[in-house]
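The values are calculated or read from the model by the stated rules, or taken from the named source; none is laboratory data. What you are looking at is a predicted structure, and each value in this text was computed from that prediction instead of being measured. Note that each Cβ is placed from the backbone with ideal geometry, even for glycine, and that neighbours are counted across all protein chains shown. Accessible surface areas use protein heavy atoms only, side chains included; no ligands, DNA or RNA. Shrake-Rupley method; radii C 1.70, N 1.55, O 1.52, S 1.80 Å.
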Amino acid sequence: MAASEMGPIISIITITYNAAETLERTIASVEAQDYGGIEYIIVDGGSTDGTLHIVGRHGKRINRCISEPDEGLYYAMNKGLDMATGDYVWFLNSGDELNSPDTVSLVASLCGGSDVCYGDTVITAMDGHVIGGRRLTPPENLSRDSFKNGMLVCHQAFVARRTLCPRYDTRYHYSADFDWCLRILSKSRKVVNSHATLVRFLDGGVTKSHIAQGLHERFDIMRQHFGTASTVAHHIPIALKFLWFWVTRGRF
């Protein structure tokens, strides 16, 4: 399957660990895609709960799978990057879903010549119903400086050219994806807004359950990329908006 025959190859990577409760919906959303140029990779941390039985049932659609203990989420994501051979990389967490059967086709049609393609996200409950949108929304034109106002684009709605993708900085336990996106945008020349909802994001997860630690890491990442003065100045309105959203709507 050559990229020149059908468009770019999209490497979709799902990280799992004891994810039997949520993985089926993610794999099903990949299987439902009408685009053939997908390389689907699963990196498992040595699950013991039936996750690998689910992977086995869908083996024909999964191009590569590894299951072994690792040192955490971002170590596993680095394994996924090492395994990927596609033109673009797309991380889709267990429990998350591609929004519709033509989502990858849309992204592939926009990726030609671009470094990053991005879109919007909706948040769903375990039963599949839509809770609403994220607190932050994608800007019309995404750039490195956009992230001074927070992670305006969800990591799962950020598709990047593989050759621009650095390894995740495993010093961070909850916000290495924020740093990863910033480093990619720093090198990107063409960033395309899909103007579409790309992902249905399952509410919850490691980052949400460690909000304080994640925000502390994010502050440090922003300070390294933008300087202390700029980071402090931008965090005042971010903090106020976050507190208001948290109090009135109860989600991150």
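Once all protein chains are placed together, F226 keeps about 30 Å² accessible to a 1.4 angstrom probe.
A cut-off of 5 Å between modelled amide H atoms, ignoring neighbours fewer than 5 places along the same chain, links T197 with D120. Span-like helix criteria (full DSSP H runs; alpha carbon extent of at least 24 Å along the helix axis; mean Kyte-Doolittle hydropathy of at least 0.0) are satisfied in the chain by 228-249. Across the range 10-24, the residues whose backbone nitrogen lies under 16 Å from the label position 7 Å along the beta-carbon direction of T85 are 10-13. The trypsin sites (Lys or Arg not before Pro) found in the range 155-199 that occupy coil by DSSP, while having at most 15 further C-beta atoms within 10 Å, are R167, R171, R189, K190. Database remark: amide H of I131 closer than 5 angstrom to the amide H of I123, T124, A125 (H placed geometrically; neighbours at sequence offset of 5 or more, or on other chains; Pro and chain starts carry no H).
DSSP bridge analysis restricted to the chain gives an antiparallel fraction near 30%, rounded to the nearest 5. Computed from the C-beta positions of D145 and S109 and an R0 of 25 Å, the FRET efficiency is 0.40 to the nearest 0.05. Stretched out straight at 0.36 nm per residue, the stretch from A212 to V130 would grow longer than its current Cα-Cα span by 27.0 nm.
Full extension of the chain segment joining K187 with D49 gains 45.7 nm, where the gain is 0.36 nm per residue of separation less the Cα-Cα distance. Across T16, T48, the residue with the most accessible area heads the list, and the full order at a 1.4 Å probe is T48, T16. Measuring nothing but protein heavy atoms, the accessible surface of the chain at 1.4 Å probe radius is 53 percent carbon and sulfur.
Summed over the residues of the chain and divided among them, the accessible surface reaches 45 Å² per residue at a probe radius of 1.4 Å.
Would you mind classifying the range 10-101 by shape? Square roots of the alpha carbon gyration tensor eigenvalues, ordered a ≥ b ≥ c; an a/c under 1.5 is rounded, otherwise it is prolate if a/b is larger than b/c and oblate if not.
Oblate shape, in that a/c is at least 1.5 and b/c is the bigger or equal ratio.
Around the Cα centre of the chain, unit charges on the Cβ atoms of Lys, Arg, Asp and Glu (plus for the first two, minus for the last two) sum to a dipole of about 760 debye.
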